[in-house]
Structure formats: C-alpha cells, structure tokens
Amino acid sequence: MSHLPSAPANATRVAPPLESGRAYPAKPADVYLFGTCVVDVFFPGAGMDAIRLLEREGVRVHFPQAQSCCGQPAYTSGYTDEAREVARAQLALFAGEWPVVVPSGSCAGMFRHHYFELFKDEPETLEQVESLAERTFELAEFLLEVCKVRLEDGGAPVKVALHTSCSARREMNTHLHGRALLAQLAGVERVDHDHESECCGFGGSFSVRMPDISGAMVRDKTAALKGSGAAEVVSADCGCLLNINGCFEKQGDALRGEHLASFLLRRTSSAAQGGTK
Amino acid sequence: MSNPAQTPAQPITFKRNAREALADPQLRRNFRGAMDFLMDKRRSQFPDGDELERLRAFGNRVRARALSKLPELLERLDANLSRNGVRVHWAETVEEANAIVHGIVERHAAKKIIKGKSMVSEEMEMNHYLGDRGVDCLESDMGEFIVQLREEKPAHIIMPAIHLNAGQVAQLFHDKLDVDYTEDVDRLIQIGRETLRRKFFEADIGVSGVNFAIAETGTLLLVENEGNGRMSTTVPPVHIAVTGIEKVVENLRDVIPLLSLLTRSATGQAITTYVNMISSPRKADELDGPQEVHLVLLDNGRSQAFADGELRQTLNCIRCGACMNHCPVYTRIGGHAYGTVYPGPIGKIITPHMLGLETTRDLPTASSMCGACGEVCPVKIPIPSLLRRLREEAVRPPAAEPHHMRGQGAKYSKKETMIWKAWRKLNTSPGLYRAAMYAGTRLRGLMPANIGPWTEHRSAPKPAARTLHELAREHLGDQ
C-alpha cells in the first residue's frame, strides 16, 4: 500500500518505533491466529470470521488451543510479574515461523511493543520476543498488506462508521487499514464521526476504576457515532465494542458495533453476492 | 475549590472531584470548546507530519542531553548567573523556597509583589505563604488575575482561566471590580489591564517563572503574550524568578527548537508576542530594569524523578500543556478536578514525585491509556508508559525492594494481589483456562445484570454461547 511508509527490507531486529511503518512479507501458506480473551468469550464469531477470511485467501490457520490472554490486563494494572508469566506462556505457543494474526489492535500492540519491556532483563527471551513482534499483524493490516485482499461487495448500499481503537491508531499504526478495506466495498459509504480519534473510554480496568469519566467518554462516543448518520458501526477491536455496545444497549438504542471481520465476511460472502474471487 | 493545601494529608479526592465536574454541563461545554479550539490551532501549526516528527526528536534529544548532565549544567548556570550579578538560591522543598523568597521580601521591607505567570510559585503556594506574612501578591497575567479574583487555582498550566466563559468573567469583574457588566471580551481585557497598570509601579518586588534557564550564558528566558511578564520583571526594583531545577538547557542554540515546539504546541502560535531574556540586573549605564535579580531553583521531588533513568523522562517537560489539551479525561473534567497544581497527563506523572504516591495514588489510574498525550508531547515524553510504571510502583508490596518512589505500595492490597496471582494461574494453565471459559459461557444465563460500576453506564457484557476455543477446535481440529 502506498499510503503507509515502508521500512527497509533489512529492518533491524530491535523494538520497532511506535510511529514506524513496516516491511511486509509475501503471503504465507500458514498463519497462527491469536484470538484474544475478549474475543474468546464475548465475540467468538468475530474470531471465526477472521479465520474464514484468512482461509478464503488460501491461508491455512492454526489456533493453538493452549492460548489464553496476551497479558495486557495485568500489565496496564501494574502487575508486571503476572503479565510476564502469562506473556511467556503465549511466547512458547507462537514460537514457529508463521505470522501471528490478531483480530485486535490492542493485543497486537502488546505483542509488538510491550513484550520488549516485560522481558528487557532476559536477553535469552528477547530473541523470541523480537521474532513474535516482527511476525505479529493486526487482522486488517494482514488482509490488506500481506494477503493483498480484493473484496467484492455483495451487500446493499449502507453508511458505515468505523471506530478505530487507540492501540490500532497509536501503537500499531493500522487505523487506515480498516478504512482501506471498507473502501474496497462498492456499496459501503464510510462516514466520519466527531472526535473520531478520541478514545471510547474503555481502557480495560479504567472503565471499572473510573466509571464516571469512562461513562462520560463512551456516552459521547455513542452520540458521535449516532450523529454521523451511519446505519452500522464497525470496529477492529472487541474491547471498544464491548464498551460501545454496552452503552448503546443501556441507552435503549438498537445500534450495535460489529467486528470488522464479521462485517467484511458478511458483505462479501456467497449469500450476499454469490461467491468471491 | 479554594486553595486546598499543597500537601494534603488525605489522598486527593480525585474521583469525587471528577464526578462533580462531570455533573456541571457548563464546565463540560467550556472545556470541550476550548480543547477543540486548541487542538485545531496546534494542528494548523504542524501541517507537515514529517517535519513535526523531526522537530520532536530534536527537542527530545536537546532535553535528554540537558538532563544527562543536569548537575553540571546547574553548576554552570549558577556560576554564569552569579558572574552576571544574579543571585542564585537553591531550595529542596517548597518550604525552603518560600523562606528564601520571604527573606528577600523582609530585607527590602516589601509589602507589595506583582507577579508574572509562574507554575512553580503555584507549586509553592507563594501567594498564600506571603499573604499570611502580610505581603500582598497580585497576579498580573490576565488568566491568573481572573482565577486569583475567584480565589481558585489555575485550571490549566498555560491558560489558567480556560474553564470560564466570557459571561462568567463579566460577572466576576462586575462583582469584584465594581464595573458595569459587559461580555465584550476586548472591554473585559481593558478593564483588567486598567486595574493592573498602576500596580506594576506600586510593587516593591516582581516575581516571575522561567521557561528556560540557559547555562552557557547565564540567562533566564521567559515567553509571554501580554507584556505583563516584562513589566513584572523590569519595573519593580527587585525581581525574583522561581523555577524547577529541570528547566536548565545547555546553550542558546538549544532554545531555538524548544521555543518553536513550545509555542506551537501550547497555543498554536509560531512565536509569542514577547520573548524576554534576562541576564543581569540593571547595569550602571542602563535606564531601567531591577537593581536586584534573584533566581530560586526548586527541587521539590524532581531529583527523585532524576535518579531513575525511566522516570527521568518526566523532567523533559517544557510545560506546553498540549497533553492536557488532547487528553479525553482532562477534556471531560477540567483542571480543578485533579486537585493538583499540574493537571492532566503531565500532572499525573509529575505530581507523584512532588507529593508522593500516598496522596496521589488515584492519578496514574485515571487514564484510559489512549496514548493521545504521548502522541502530541513535543519532547516525546512517553507519558502512558510512565503512568504504567507509576501504577506498578503503587501496587508493589511496600517493603519488597528499596523504594523507587515516595509512597511506593500506596495502592498495595493483598486481596487484589491474590486476584492477579489467580489470574496468572488461570492464563498459564490451558486446561484450567478452557474449563473456566467453558463454564463462563455455559453459565452466561446466571450473569448478573448489575456488575458494579461498569453497568452504571452500560449493560452487562454477555458471554457468547460457545468460546472461540471450542468453535476453532471444531473447525480446525485440535492444535
């Protein structure tokens, strides 16, 4: 993609700076899927839709059954030792050479950036950390940059608002990938909403520890999404969706956010259009 | 909030303050409007993202270099200022700093002080301290003047009265200055200026802050827009500047990128109306300027931050306020809710060094970690990772290791620690994890509709009927 700067092919094996673009490999035959704990329990359909999208691109998906959580909840709460041990368990599960695709900017950001901090005092582990960081891709990023997916829209015309998570935007630099995928869908008009780059107020434990401030943020976010005139809301992060959808529901609004993977699959599935290329 | 104590014995009541602020629709409108305006102004100053990134990296290097030799630069600053005739004082605590200022006041039998803008003097609660000793301190920055009339603290480090609209200022001036009610902003500014003008000439001492202290030349550099800073530092016979020890830079050349970053990040100005450089008191052949210039260098917890390589980055701050302008939390609750001199993201990482984590333990958790602050910081302070580090310090068992931070372990709870240990066990035992998630999905009907704070603003999240682990196993086989 021309809209993102590319890192040189011989990119050095150090923690990638947060703002950097990256070099993308050719489409592999196999990938791992890291499902994330929120997807596992609350949005398993999004995880399955991610698997189906990848398979449709001819990629074999591996889902290590021993996977659990990336460690972020403990990490951001200050329980670094606990986060490290959970991270270590995931490191061992994704130790092969295949890319690791994550349907969440937040957990992908954890793999790509924060494991370096967790294992900074373990030189023997850092090599694994570097390998995982290099091989980790957010789903939309992987579909677009590695699979070079070409989507054909089979759905009716619709206005869609895209909510991008802060991690996708600021850690993974993948906030434009969702847009680019939606732009491939002829019937989809993506509409902007007010304060689009502003946090929805989830922030994991923040939403529980600071419920009033978080509540004010998510109410503003749902108001902005509704105010955009969008008929559907899409996001690539299920943490944000848990928060935003919960607020919609509490307010008695019928609108619900959907994971990007589910939206893309639905718009391009054979039921919608009679087969994809 | 009229002048809460600088060092409260009780934890700062952040959550309650925040709740009250959120319930004030006028306040929320004022802040949303003001922050949107400031974000636009900054954006228009940095149209070229690549140039901004180069400048930020440059600014970061200049600050990091200065901090890497902080003790040496402070000594050089002291030597060069002293050679120029400026008297330099060192204070470890705000009490010491206030005592030094009061000593100068007493020597001159001063009764009236006129002040330019200085957040360090807010840190010291100088007005209060000197007021108790019969010395009248008047703020001459328009925003500071307004908050002083209201007996409030600044709501923002650059724009102290940003929480108010014109109507509120009109009412204040009408009530306190005995003038006709007018919402005409130009007229309001005129009223403020007319009130202040003669005060500059009545003052015995002028007080100011410092934006950059230049070691190489022994120069104090101040930026301002209203001219009151220049008046405060030149008209009275004595000038006292107060600053934190981290404000030192190595040489004049270093100031160029920092000034450019500061004014563009803060108010979206390419440069301010005034850039004052003070290198000495009035010389024999000069017509104006104070006969005495003093500099008070305040530590107040800064050397604690300095001692730790990671936390040291806190001291990069050039006090532009961009982090608060872009913070969704600050935008919702405003500056007063923090209950601290420095609000917003930078306040959450600098205040614990000043007051200790005992009283500030809620501040590092009052962030969704969205990263907006770190993204805009002109000198690349990694605010989110420093917040995370302070969270770690707050929950670390108090006696586990030598203390990094005053108040380490202030949020330590045996129960919470046990919960996270159990969480670790769950997430490192695949069989246990799958069994728990299986149970969670099967028992989803039992999920309570009310799960505490979360459900005040949202419905309870409902587990799916089956986990992704199960669905994927069915689809892909056991892996």
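The values are calculated or read from the model by the stated rules, or taken from the named source; none is laboratory data. Note that this is a predicted model, so its numbers are computed, not measured. Reconstructed Cβ throughout: ideal geometry from the backbone, glycine too, with neighbour counts over all protein chains shown. Areas reflect the complete protein model, heavy atoms only, side chains present, ligands, DNA and RNA absent. Shrake-Rupley method; radii C 1.70, N 1.55, O 1.52, S 1.80 Å.
In terms of its C-alpha gyration tensor, the stretch B:32-151 has an oblate overall shape, because the principal axis ratio a/c (a ≥ b ≥ c, square roots of the eigenvalues) is not below 1.5 and a/b does not outweigh b/c.
Gain on full extension, evaluated as 0.36 nm per residue between B:A270 and B:S82 minus their Cα-Cα distance, stands at 64.4 nm. When the alpha carbon gyration tensor of the stretch B:388-479 is reduced to an equivalent ellipsoid, the three semi-axes, largest first, read 35, 20, 11 Å. Note on the protein assembly as shown: helix-only mean residue ellipticity at 222 nm, from DSSP H runs of 4+ residues weighted -39500 (n - 2.57) and normalised by residue number, equals -14000 deg cm²/dmol.
Of the GluC sites (Glu not before Pro) found in the stretch B:106-159, those that fall in a DSSP loop while having at most 15 other beta-carbon atoms within 10 Å are B:E151.
Determine the share of chain A's accessible area contributed by carbon and sulfur atoms, expressed in whole percent, with a 1.4 angstrom probe. Display every interim value, and only then the final one.
Details: 5130 of 9710 Å².
On chain A, the fraction of accessible area on carbon and sulfur atoms equals 53 percent.
Of all DSSP-defined beta bridges confined to chain B, some 25% are antiparallel rather than parallel. Normalising the average separation of contacting C-alpha pairs (under 8 angstrom, six or more residues apart) by the number of residues puts the relative contact order of the stretch B:236-393 at 23 percent.
Calculate, for chain B, the solvent-accessible area per residue in square angstrom, rolling a 1.4 angstrom probe over the heavy atoms of the protein chains.
Values: 19720 Å² over 479 residues.
Using a 1.4 Å probe on heavy atoms only, each residue of chain B averages 41 Å².
Close amide H pairs (under 5 Å, H built 1.01 Å from N) link B:H163 with B:A155, residues at least 5 positions away or on another chain. Burial here means at least 50 square angstrom less accessible surface with every protein chain in place than with the chain by itself, probed at 1.4 Å; in the stretch B:454-479 the buried residues are B:W454, B:H457, B:R458, B:S459, B:L468, B:H469, B:H475, B:L476, B:Q479. Surface exposure of the stretch A:167-277, expressed per residue as accessible area with a 1.4 Å probe, stands at 34 Å². Using the Karplus relation 6.51 cos²θ - 1.76 cosθ + 1.60 with θ = phi - 60°, the per-residue 3J(HN,Hα) values for the stretch A:190-205 come to 7, 10, 7, 10, 4, 6, 4, 7, 8, 4, 7, x, 6, x, x, 5 Hz, with x marking Gly and Pro. Taking a ≥ b ≥ c as the square roots of the eigenvalues of the Cα gyration tensor, chain A is classed as oblate, since a/c reaches at least 1.5 and a/b does not exceed b/c.
Lacking any other cysteine beta-carbon closer than 4.7 Å, the following Cys residues of chain B have no compatible partner: B:C137, B:C317, B:C320, B:C327, B:C377. Between chain B and chain A, the total buried accessible area stands at approximately 5900 Å², from heavy atoms with a 1.4 Å probe. Of the GluC sites (Glu not before Pro) in the stretch B:236-291, the ones in a loop by DSSP (not H, G, I, E or B) with at most 14 other beta carbons within 10 Å are B:E286. Please go through the residue pairs B:K247/B:K380; B:K414/B:K462; B:K348/B:K411; B:K69/B:K380; B:K115/B:K176 and name each one whose alpha carbons sit more than 21 Å apart in this structure. Correct reply: B:K414/B:K462. Please give the residues from the stretch A:164-188 for which the solvent-accessible area of heavy atoms, probe 1.4 Å, is smaller by at least 30 Å² with all protein chains in place than with the chain isolated. The answer is A:R170 - residues whose exposure falls by at least 30 Å² when every protein chain is included.
DSSP beta bridges confined to the protein assembly as shown are antiparallel in about 15 percent of cases. The relative contact order of chain A, computed from alpha carbon pairs under 8 Å that lie at least 6 residues apart in sequence, is 19 percent.
Applying a DSSP loop filter and a limit of 14 other Cβ atoms within 10 Å to the GluC sites (Glu not before Pro) in the stretch B:290-361 leaves B:E310.
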